[in-house]
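S.K.: Questions regarding the structure given below will be posed in turn.
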Amino acid sequence: MKVMKFGGTSVADAKAWKQVYSIVSQEKDVVIVVSATTKTTNDLLLAADLAKENKLSEALEVSERILKRHTDIIDELVDDETHSEIFTRCYEWINKHIELLNNYLLGIHTLGELTPRSNDVISSLGERLSSFLIAQIGPLYSVDSIHVDSKEVIKTNSDFGKAIPKSKDIAAAINEVKEPLEAGKTVIMGGFYGSNSKGEITTLGRGGSDYTASLVGLALGVDDIEIWTDVSGMYTCDPRMVPTATPIPDISFNEAAELAYFGAKVLHPATIQPAVERNIPVWIKNTFRPNDHGTKIYATAPLDDTLRAIAFKKDITIVTVTSTRMLLAYGFLARVFNIFEKHQVSVDLVSTSEVSVSMSVDSKERLDPVIEELMEVGHVHIHDKMALVCVVGQRFLKSTGIAARVFKTVDKYPIQLISQGSSDINLSFVVENEHLIYVVQELHKEFFEK
């Protein structure tokens, strides 16, 4: 048994849907998790923002674009004369959900307010559309599929926008998936969304379809979790930045989690955790080149070379707090980090000296009130337009010369912050955005192109 997740580019249009069907039709005992079609989630969020900004007509134009995107796919895949029942069901489903979207947009426009709860309902519509439609059309392409609504399975708390799954509740609800599987059906679900204890729609955050696949895989105890996308696995670096980057055949759970967290966008950072709990291998595969090996992620993946890969994040911010009160004092760092926790701002890297502490954050959202409170602790300095670079491998703490090679390679660029500390698998540092491309290309050349 396995879970296969297909991302937005894998379900972008009718041609892509046919490719998904050709892959899935070869499988048995499989659950399919699908994302929204490419651009749909962005369009849904755009429409909501336009409605809030008193631009209802523009919001409705975006809604019409979403409608056309899905009806075009149905028109190409389903003959309305030969399969009129399926054709009608699909059109009714699309129209029903576009009408729901338009009603929400009207409400947002009228009130001039967009709540996190409303945003979750709206942003979930892409997966609710794609999963139902793909399941309905499956039998026409040799897939005996049935739709299961993810809100009945993926149970979460009520943190709208970034809901936390409740594993016990998901395990209790997994029969919604087990029963059709045991009847020989291919189950198709939407990723990214679930529901709280009141039945209200929640979302797991952007990229949450990977997380959905892993949560379902954990609850079912599957043999494999496959993430199907438009690249042939995880790469030694982002090939858009480094054209010479190559796919990684095998990688450990810990290394993959580090790469995902520090910017490798092929995998959602939270995907690994449920898989680790039961040691379920996770595969990254290419929908459009299904015979490629891809990347296998598992606990004991061997590493022959010094490094496994390089990841990065652009547009991060460095917050530095300086205070002589920090010298020989206890509780200072606790006070600083309590401020970040209070405002729910996540910190990536930390570096301290006797009188200062520097922290990197990858989002400026909610950062202003953090800075305001930090100014009561000490002098605050902000460096923005920075980039975080993370080199990932194994046994860093027991190896010699790795850090020297890294920093000698990039010694012509100013480094703002360095972090290794207790980690045995990554060395991270911060440079200016404008230097990022040169830094990662030179590091890749040093470690992977000899």
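For every residue, the table says whether it meets (1) modelled with pLDDT of 95 or more; (2) surrounded by fewer than 24 Cβ atoms within 10 Å (Cβ to Cβ).
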| residue | (1), (2) |
| --- | --- |
| SER197 | yes, yes |
| GLY207 | no, yes |
| ASP210 | no, no |
| VAL216 | yes, no |
| SER232 | no, yes |
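S.K.: While we're on this one: If you check VAL3 against the conditions, is it within 17 Å of LEU181 (Cβ to Cβ), touching a residue at least 40 places away in the same chain (Cβ under 8 Å) and surrounded by 23 or more Cβ atoms within 10 Å (Cβ to Cβ)?
M.R.: yes
S.K.: Okay, next question. Restricting the range 283-332 to residues that are small (Gly, Ala, Ser) and surrounded by fewer than 19 Cβ atoms within 10 Å (Cβ to Cβ), which is nearest to GLY263 (Cα to Cα)?
M.R.: Of everything passing the filter in the range 283-332, ALA299 is nearest to GLY263 (Cα to Cα).
S.K.: Which residues, counting only those in the range 238-263, are within 19 Å of SER428 (Cα to Cα) and of a type in the set (S, T, N, Q)?
M.R.: Selection gives SER252, ASN254.
S.K.: Next question, about the same structure. In this structure, is VAL389 surrounded by 14 or more Cβ atoms within 10 Å (Cβ to Cβ), touching a strand residue (DSSP E or B) at 6+ places or on another chain (Cβ under 7 Å) and modelled with pLDDT of 90 or more?
M.R.: Details: surrounded by 14 or more Cβ atoms within 10 Å (Cβ to Cβ): yes; touching a strand residue (DSSP E or B) at 6+ places or on another chain (Cβ under 7 Å): yes; modelled with pLDDT of 90 or more: yes.
Yes; evaluated as a whole, the condition is true for this residue.
S.K.: Could you grab me the full set of residues in the range 33-54 that are free of Cβ contacts under 8 Å to residues at least 24 places away in the same chain and either among the β-branched types (Val, Ile, Thr) or not in a helix (DSSP H, G or I) (or both)?
M.R.: The one that is free of Cβ contacts under 8 Å to residues at least 24 places away in the same chain and either among the β-branched types (Val, Ile, Thr) or not in a helix (DSSP H, G or I) (or both): GLU53.
S.K.: For the condition outside the structural domain of SER10 (by TED's automatic domain parsing), assigned to a strand (DSSP E or B) and of a type in the set (S, T, N, Q), what is the one hit in THR271, THR317, THR300?
M.R.: THR317
S.K.: Another question, then. Given the residues SER63, SER22, SER35, which is the only one that is under 29 Å from SER232 (Cα atoms), modelled with pLDDT of 95 or more and crowded, with 16+ Cβ neighbours inside 10 Å? Quick ask: steps written out before the conclusion?
M.R.: Values: SER63 fails: under 29 Å from SER232 (Cα atoms); SER22 fails: crowded, with 16+ Cβ neighbours inside 10 Å.
After applying the criteria, what remains is SER35.
Here is a yes/no grid of residues against (1) in a loop (DSSP other than H, G, I, E, B); (2) outside the structural domain of GLU179 (by TED's automatic domain parsing); (3) touching a helix residue (DSSP H, G or I) at 6+ places or on another chain (Cβ under 8 Å):
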{"site": "GLY199", "(1), (2), (3)": "yes, no, yes"}
{"site": "ARG206", "(1), (2), (3)": "yes, no, yes"}
{"site": "SER209", "(1), (2), (3)": "no, no, yes"}
{"site": "LEU215", "(1), (2), (3)": "no, no, yes"}
{"site": "ALA219", "(1), (2), (3)": "no, no, yes"}
{"site": "ARG240", "(1), (2), (3)": "yes, yes, no"}
{"site": "PRO243", "(1), (2), (3)": "yes, yes, no"}
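S.K.: Give ASP305, ASP292 a once-over and let me know the one that is part of a loop (DSSP other than H, G, I, E, B), modelled with pLDDT of 90 or more and of a type in the set (Asp, Glu).
M.R.: ASP292
S.K.: Which ones in the range 257-288 are hydrophobic (A, V, I, L, M, F, W, C), closer than 26 Å to VAL440 by Cα and at pLDDT 90 or above?
M.R.: In the first step, residues of the range 257-288 are kept if they are hydrophobic (A, V, I, L, M, F, W, C); the result is 257, 259-260, 262, 264, 266-267, 270, 272, 275-276, 280, 282-284, 288.
Checking which are closer than 26 Å to VAL440 by Cα leaves us with 257, 259-260, 262, 264, 266-267, 270, 272, 283-284.
Listed by number, the residues that qualify are TRP283, ILE284.
The values are calculated or read from the model by the stated rules, or taken from the named source; none is laboratory data. Computed from a predicted model, the values in this text were never measured in an experiment. Please note: Cβ atoms are built from the backbone with ideal geometry, for glycine as well, and neighbour counts cover all protein chains shown.
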